[in-house]
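First the structure, in the form of structure tokens, and then the observations on it.
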Amino acid sequence: MTIKATLVLFSILVAPGALLAAQAVVHVQPPDLHGPRQLQDQTATAVVRDYLESWQSLTAALEKNRVDLLDQDFVGTAKDKLTDTMRQQAALGIHTRYQDRAHDIRIVFYAPDGLSVQLIDNVVYDERVVDNKKVLTTQRAHVRYTVVLTPAETRWRVRIFQADPE
């Protein structure tokens with residue numbers, strides 16, 4: 001099975017089931033790699049699966065202002081920035097609820113040594129800022145993220161999670 005077929009199958013069968021609670025629509029474009037290393041189907045599927053699961057831990061962590069909920073899915077700069085965000089939220093007495101609605105994912109780089117994968121994700125999500133039980137703001141966001149994942153013991157973890165300027 002080709003990478004394209006695997007990713008299409010993943011986006012049709014696996015991703016909606018994995019995100020049923022979130023009801024996100026997931027579209028995975030064929031990888032657009034320019035380099036000496038081929039991306040195996042199994043690796044591409046694992047990267048996308050683990051990345052989408054990271055959104056679930058991100059959502060739970062920001063809603064509860066609990067940094068420990070990021071431990072399984074985030075490391076490095078991504079975890080540091082999200083930790084700072086949660087500390088600021090906690091200091092203000094607020095939390096943020098995210099509901100991801102759609103992901104349009106494209107893998108754009110696979111390191112020759114196999115130790116990092118970069119993807120671009122055009123995400124649509126609802127963001128609600130809450131103070132105690134009072135909703136302060138609600139908005140729908142369309143954001144392009146540049147994401148770098150690195151392998152860990154049993155999964156890919158998000159190392160860089162950067163919203164690109166509009």
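The values are calculated or read from the model by the stated rules, or taken from the named source; none is laboratory data. Quick caveat: nothing in here was measured; it's all calculated off a predicted structure. Cβ placement follows ideal geometry from the backbone for every residue including glycine, while neighbour counts extend to all protein chains displayed.
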Long-range neighbours under 6 Å by Cβ, at least six apart or interchain, first residue within 26 Å of V25 (Cα to Cα) and touching a residue at least 40 places away in the same chain (Cβ under 8 Å) within segment 127-149, second surrounded by fewer than 11 Cβ atoms within 10 Å (Cβ to Cβ) and not polar (S, T, N, Q)
none
With A61, A15, A102 as the choices, which residue is modelled with pLDDT of 95 or more, assigned to a helix (DSSP H, G or I) and of a type in the set (G, A, S)?
A61
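Which residue, of I160, I105, is under 17 Å from V25 (Cα atoms) and either crowded, with 16+ Cβ neighbours inside 10 Å or touching a Leu at 6+ places or on another chain (Cβ under 9 Å) (or both)?
Details: I160 fails: under 17 Å from V25 (Cα atoms).
Only one candidate qualifies: I105.
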Of everything in segment 111-134, what is more than 17 Å from the chain's Cα centre (by Cα) and on the phi < 0 side of the Ramachandran plot? Give them in sequence order.
A111, P112, D113, L115, R128, V129, V130, D131, K133, K134
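Which one of these is in contact with a Ser or Thr (Cβ under 6 Å, 6 or more places away or on another chain) and either in contact (Cβ under 8 Å) with a residue 40 or more places away in the chain or crowded, with 18+ Cβ neighbours inside 10 Å (or both): D50, D32, D41? Reasoning before the result, please.
Working: D50 fails: in contact with a Ser or Thr (Cβ under 6 Å, 6 or more places away or on another chain); D32 fails: in contact with a Ser or Thr (Cβ under 6 Å, 6 or more places away or on another chain).
Going through D50, D32, D41 in turn, the sole match is D41.
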Do we have D113 as within 24 Å of Q38 (Cα to Cα), of a type in the set (D, E) and part of a strand (DSSP E or B) here?
no
